[in-house]
Amino acid sequence: MLSPLLIISILVLYFSVLIIIGKITSKNSNNDAFFIGERKSPWYIVAYGMIGATLSGITFLSVPGWVGESEFFYFQMVLGYVPGYLFVAYILMPVYYRLKLYSIYGYLGERFGFFSHKCGAAYFFMSRLLGASLRLYIVAFVLQSLLFDELGIPFSITTLLTIILIWLYTYKGGIKTIIWTDTLQTSFILLTLVACLFMLFNNLGFNSLSDSLSHSQLNFRIFSFSDFKNSSHFFRSFLSGMFIAIAMTGLDQDMMQKNLSCKDIKDAQKNMIWFSVILVLVNILFLYLGALLYQYVDANNLQTVGGDKLFIDVIQKGDLGIFIFVLFLLGLISAAYSSADSALTSLTTCFYIDFLGLQDDHSLNGTYVRNVIHIMIAVLLFSVILLIHYFNNDSIIATLFLIASFTYGPLLGLFLFGLFTKRKLIDNYVPIVVLLSPIFSYLLYVYDVQIFNGFDFGPDLLIINGLITY
């Protein structure tokens, strides 16, 4: 375990670099730079940085932990991401660029009307606020247990400092800054991943990849075709992955805002294709990391509950050295903050453009309003994290994640209805439909096994949710 002084030094150095990047990239920034980076972002930088934004702190801890319970079946979903991202690149993004959107929910306003626009923006706002808060909470909780409890610093102060630091390097440059800070954070994540793989592989004394997999007490099956009622069945997982990619990337302002900062649609499409290829490879490595972590636990008789705690337990109780501990800390922080900083920017964008309708206000007053909203969103993130910590209940956290997952279904249904039909709808009724859809989906989630004779909905409930809205 590192000394508290060394951990604090690492955190100070890390945030100092981010603040310097923020200062350099935010020179002469205006609303155009904040919202879409003046459409000058290099596509390859965006593609690389999006890896870090996609791999949140939860993914960083959870994907390796899943191997113990669900083997390599998660890879089936990852394969489904690829056609999903192709749909985003060649169906959704041309629409966004043609309409010259700052916020993608402007499409719903153009296609259907006022209420559709506001409902789409509201669902994004709620899901991103909950998702970002939960991701930050989990990482802040890990840092609290590793360091700040020992120093007697309360969790509220830890969280407040974190939010202030994120606000400091994003408040002026917005997406223009985040494109470059994401690059640094992605580098730390990948460096941590590769270093941990190398260290574990050598520590366990393996000679080859097949050797490392054959010596485990766990099964490492990749594909499952046996039981269609189980959510790990290949076709269900593949389809779930495809629609998750469409909904949580293509219909998510946070992810699309980075793509909209590219010079033109061709650059944005190149970014999306390369991003999907890299993401598949990175997820394979995270699954393999999980296999090695479980074998390390067995070989060294470490006590762990597995799951999300697996990686943390190996780092804390294992003997992998200070270098790996430092990298783990940097990787975990990078994974959490790369999603949190872009969430802060995208939520600000959503409120400024979708709720206040100030897209065309390029005055000094517009900049002042944007800065006030940015502060308000930071305060809101801080408040939600403290509420989660106050309840400090795994079932509460699971419920919030569940709520966030249901909010993408109505977005999926609305966008697909707009893209694949020429029909109009009664815009006034949209709030009722998008409210009822998640409620019906939740009832299916609770009673699916009884209603469908053992059929268990998993991530594919997103598809059902979208179909109900459609």
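The values are calculated or read from the model by the stated rules, or taken from the named source; none is laboratory data. Because the structure is a prediction, the values reported are computed rather than measured. When we count neighbours, we look across all protein chains shown, and the Cβ atoms used for this are built from the backbone with ideal geometry, even at glycine. Remember, those area values only see protein heavy atoms, side chains included, never the ligands or the DNA or RNA. Shrake-Rupley method; radii C 1.70, N 1.55, O 1.52, S 1.80 Å.
Per q in 0.05, 0.08, 0.14 Å⁻¹, report the Debye log10 I(q)/I(0) for the chain, using one uniform scatterer on each alpha carbon and no solvent. Once normalised to I(0) and log-transformed, intensities are -0.18, -0.46, -1.48. Remark on segment 288-383: Rg and Dmax equal 21.2, 63 Å (Cα only). Averaged over residues, the count of other Cβ atoms within 10 Å places the peptides 223-235, 160-172 in the sequence 160-172, 223-235, highest first.
Computed over segment 275-337, the quotient of the alpha carbon radius of gyration and 2.2 N^0.38 Å is 1.20. For segment 135-209, the average shadow cast by the Cα convex hull is 7.3 nm², which is a quarter of the hull's surface. With the convex hull of its Cα atoms as the shape, segment 11-77 has an orientation-averaged projected area of 6.9 nm². If eta is 1.306 mPa s and T is 10 °C, what Stokes-Einstein diffusion coefficient results for segment 162-307, Kirkwood Rh from Cα pairs, in µm²/s? Diffusion coefficient, whole number: 85 µm²/s. Round to the nearest 0.05 the FRET efficiency obtained for Ser210 and Val326 when R0 = 35 Å and r is the Cβ-Cβ distance. For Ser210 and Val326, the calculated efficiency is 0.65. Of Tyr337, Tyr48, the residue with the largest accessible area leads and the full order is Tyr48, Tyr337 (1.4 Å probe). Can you compute the FRET efficiency between Phe114 and Leu285 using 1/(1 + (r/R0)^6), with r the Cβ-Cβ distance and R0 = 56 Å? Round to the nearest 0.05. About 0.75, to the nearest 0.05.
Please label the shape of segment 229-357 as rounded, prolate or oblate, based on the square roots a ≥ b ≥ c of the eigenvalues of the alpha-carbon gyration tensor (a/c under 1.5 means rounded; beyond that, a/b larger than b/c means prolate, else oblate). Because a/c hits 1.5 or more and a/b exceeds b/c, segment 229-357 counts as prolate.
Under 19 Å of direct C-alpha separation, and excluding same-chain neighbours fewer than eight residues apart, Lys424 reaches these aspartates and glutamates: Glu110.
Computed with the Debye formula from one identical point scatterer per Cα of segment 195-240, without solvent, the log10 of I(q)/I(0) at q = 0.14, 0.24, 0.28, 0.29 Å⁻¹ comes to -0.54, -0.80, -0.95, -0.99.
Sorted from longest to shortest, the spans of the Cα atoms of segment 80-143 along the three principal axes equal 44, 31, 19 Å.
Note on Gln450/Ser145: beta-carbon distance plugged into 1/(1 + (r/R0)^6) with R0 of 45 Å gives a FRET efficiency of 0.70. From most to least packed by mean Cβ count within 10 Å, the peptides 300-311, 358-369, 325-336 give 325-336, 300-311, 358-369.
Translational diffusion of segment 1-151, estimated by Stokes-Einstein from the Kirkwood radius over alpha carbon pairs at 10 °C in a medium of 1.306 mPa s, is 82 µm² per second.
All alpha carbon pair distances within segment 273-432 were sorted into 10 Å bins beginning at 0; the resulting P(r) in whole percents reads 7, 20, 29, 26, 12, 5, 1. With both labels modelled 7 Å from their Cα along Cα-to-Cβ, the Ser9 to Leu387 distance reads 4.1 nm.
I'd like to verify something in the chain: which complete DSSP H helices, judged by Cα projection on the helix axis, reach 27 Å or more and average at least -0.5 on the Kyte-Doolittle scale?
Values: long enough: 4-25 (32 Å, 2.37); 114-143 (43 Å, 1.19); 175-203 (41 Å, 1.26); 265-300 (51 Å, 1.00); 322-349 (40 Å, 1.60); 364-391 (41 Å, 1.61); 430-451 (30 Å, 1.67).
Span-like helices in the chain: 4-25, 114-143, 175-203, 265-300, 322-349, 364-391, 430-451.
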